[in-house]
Amino acid sequence: MPIAGRHRWTAIILCLIPASYFVLTAIFALAHYDDYASDLPRLLRYVVGPLAIAALLAGCAMLLPRDHALTTGITACSILVAMFLFEGYMRWQNLPQRVGLAGIVDGGADQDRYGGAMPPAYTIKALNAKLGTETLADAVLSGMPGTEMLLCSRMGVPVTTRTDRYGFRNPQPETAAPVDVMILGDSFAEGICLEDGQHLVDQMRAGGASILNTATRGAGPLYELAVLGRYGPHFRPRITVVAFFEGNDWENLTVELEQPWLHEALTPGADFGPIEMDAAQRAGAARIITDWWQGTAASLEEYLRRRSYMRNFLALQETASILGLHYPKAAGDNPEFEQILQRMKQIADGWQGQVVVVYIPALDQFGGLFPHGFVSAPLRRNVARAAEDAGVGLIDLTPTFRDHPSPLRLYAPDAHLNADGAALAAGRIMSDPLLALP
């Protein structure tokens with residue numbers, strides 16, 4: 001083949017390599033249409049944009065003069081390679097701070113000390129799956145009671161707490177019923193990777209209110225309804241705070257609705273079960289927890305497996321976040337969320353209590369070169385509409401965080417609230433008229 005012909009084919013190949021990457025990006029988005037292509041912003045970001053870039057590169061390969069096409073192909077490949085190198089660098093830089101969520105500690109996890117409690121990367125819903133839970137009354141809805149729990153590690157140093165008699169994160173001695181406030185939520189309200197006294201609920205306690213924290217990692221709205229149904233009638237809180245995390249609670253709800261035993265919580269007259277574990281439940285849970293610790297719990301392998309590390313690397317997620325081009329999954333219709341809030345209100349009405357939803361914004365909303373807060377707006381509207389229609393209060397922390405001089409400094413490297421973020425959120429919540437306490 002003449003040299004000129006080889007150069008033309010080289011130019012075509014170099015242009016088509018990055019073009020293929022963008023075509024595959026669009027194909028993945030279309031294959032997961034509901035998550036990444038169901039609204040205009042995501043359609044433009046994940047389908048139209050990548051296909052336009054791919055078409056432009058293909059056109060350059062075919063229509064430009066040979067030398068110009070070769071230059072375009074070399075430049076495009078170089079940019080793509082540079083983006084992957086930058087992605088790898090950012091992941092390597094952030095890895096030591098983020099693996100703490102798996103509980104990796106210097107010298108390995110001390111199973112004798114922490115092995116009686118749930119490993120950091122595991123959830124109570126996963127525990128019920130292992131137990132083969134079939135009914136809500138038989139479900140485990142809390143951690144192991146009275147045990148030292150490894151929350152995470154911070155640069156290899158363990159961050160721990162001790163659970164109360166019910167298996168939740170509350171100070172000793174236990175709060176007596178009735179309580180002023182009961183907290184429902186996930187790891188943001190549980191206070192993952194924050195010392196006692198620093199996390200959201202402990203900082204809410206600073207004003208002297210009696211608060212029961214029932215939040216646990218991985219919880220979603222339907223699971224939280226089950227928790228309220230079980231523990232609410234005993235503790236009779238004046239106000240039940242539902243901490244809704246923008247980042248994954250909508251998705252968690254979709255998954256929870258597929259669990260028959262959790263779906264029972266929506267049924268009037270449901271049997272929510274006793275507030276303390278019986279001996280059989282404790283023995284079954286302890287056996288599974290021991291198996292988890294003897295497996296890959298608190299390991300780098302566990303962290304990488306649970307966070308789809310390779311997929312996110314190929315998606316250039318860190319790079320896109322820095323640019324402000326990483327859009328979370330779309331929030332589809334979830335009419336059950338309003339039903340859950342209505343059911344919560346119905347339960348709380350049994351002791352003349354109130355229900356208040358607290359909307360916690362995700363870190364992704366505030367980072368990035370290009371503004372993209374509009375991507376989260378539909379979810380905020382959905383939650384606000386559901387709260388209004390259900391007749392419950394709403395405290396949206398998004399404006400409070402956005403008005404902060406540096407919102408990114410309110411989050412830890414693992415994207416949860418740090419102590420400053422928890423303090424700001426606690427102050428805003430406790431000062432709201434909806435939480436006016438006698």
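The values are calculated or read from the model by the stated rules, or taken from the named source; none is laboratory data. Predicted model, so just to flag it, every value in this text is computed and none were measured. All Cβ positions, even for glycine, are placed from backbone atoms using ideal geometry, and neighbour counts span all protein chains on display. With ligands, DNA and RNA removed, areas are computed over all heavy atoms of the protein, side chains included. Shrake-Rupley method; radii C 1.70, N 1.55, O 1.52, S 1.80 Å.
List the helices (runs of 4 or more DSSP H) inside the range 1-64, counting only whole elements, that have at least 2 residues being under 23 Å from D333 (Cα atoms). Here the list reads 3-31, 33-36, 40-43. Filtering the range 171-189 to residues that are open to solvent by less than 10 Å² (accessible area, probe 1.4 Å) and of a type outside the set (A, V, I, L, M, F, W, C) leaves G185, D186.
Taking residues in the range 260-282 that are under 20 Å from F235 (Cα atoms), and partners anywhere that are hydroxyl-bearing (S, T, Y) and outside any loop (DSSP other than H, G, I, E, B), the pairs with Cβ atoms closer than 8 Å and at least 6 places apart or on different chains are I275/Y231.
Filtering the range 366-387 for residues that are at pLDDT 95 or above, buried (at least 17 other Cβ atoms within 10 Å of the Cβ) and among the small types (G, A, S) leaves a non-empty set. Within the range 242-287, the set of residues being in a strand (DSSP E or B) and small (G, A, S) comprises A243 only.
Residues are listed down the side, and each one gets a yes or a no for (1) more than 24 Å from Y309 (Cβ to Cβ); (2) at pLDDT below 90; (3) surrounded by fewer than 16 Cβ atoms within 10 Å (Cβ to Cβ):
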position: I3; (1), (2), (3): yes, yes, yes
position: R6; (1), (2), (3): yes, yes, yes
position: R42; (1), (2), (3): no, no, no
position: H68; (1), (2), (3): yes, no, yes
position: W92; (1), (2), (3): no, yes, yes
